[in-house]
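In what follows, a structure is listed as structure tokens, so that the remarks can point back to it.
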Amino acid sequence: MFPLPRPRPLTLATCLLLLATPGRAQLPAGAPAPTGQLVRIQLRDPPVRYEGRLLRLDRDSVVLSLVGPGVGRTVPIPRSAISSAWVSAGRSRNTLRGLGIGLLAGGVGGAIIGAVTYSPCESQGYGCILAPGSRAQAAGAGAALVGTLGLVVGGVAGWATVRQRWQPLSLPASAMLAPIGRGRIALRVDAPF
């Protein structure tokens, strides 16, 4: 047997660092979003959705800096009005989905076109070498040719489409004691939904 080469410290350290580094920053399930994170909040009544950067979590409200329509506007949202909240888990491209849709649409369309346009070859000699011998062969050739074109077009269209990925966000619970008169105290608890 041949002796194995001794690993170099720099190479080993680099490999360990790459393995230990996460590919994407994701929040653990149930963790509150840090300020500056992109969040989406759905209200109960009226059913309105806000999307913006989280500025701060107060005891009774969530404050956002809106993105999209109304960009830069600061909106305080009462916690009691929130029905659900999500935090951005990053952006992704739809390349594989586009490849699949393009291949399927091109293949089906090509098969139909090939089957409909088939006509038997009438030539004598070598004129019919590449001509399909039946309607099924014409459909298969059409599916292969147009399906390949659909694969390319769908892949490019899917790669060009970028979308946000969202994960549920839990807001930390808060409690507040308030005097309501004649020596009585009210307790208000806002819990995560």
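None of the figures in this text is laboratory data; all of them are computed from the coordinates on show. Quick caveat, the model's predicted, so the values are computed rather than measured. Positions of Cβ are generated from backbone atoms using ideal geometry, with glycine treated the same way; all protein chains shown enter the neighbour counts.
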Collect the residues in segment 48-71 that are among the aliphatic types (A, V, I, L, M) and either without any contact (Cβ under 8 Å) to a residue 60 or more places away in the chain or outside any strand (DSSP E or B) (or both), keeping them in residue-number order. Val48, Leu54, Leu55, Val63, Leu64, Leu66, Val67, Val71
Quick check: is even one residue across segment 72-91 in contact with a strand residue (DSSP E or B) (Cβ under 6 Å, 6 or more places away or on another chain), assigned to a strand (DSSP E or B) and without any contact (Cβ under 8 Å) to a residue 12 or more places away in the chain? no
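Under 30 Å from Arg49 (Cα atoms), surrounded by 14 or more Cβ atoms within 10 Å (Cβ to Cβ) and among the β-branched types (Val, Ile, Thr): which single residue out of Val162, Val108, Val153, Val87 fits that description? Break it down stepwise before answering.
Details: Val162 fails: surrounded by 14 or more Cβ atoms within 10 Å (Cβ to Cβ); Val108 fails: under 30 Å from Arg49 (Cα atoms); Val153 fails: under 30 Å from Arg49 (Cα atoms).
Only one candidate qualifies: Val87.
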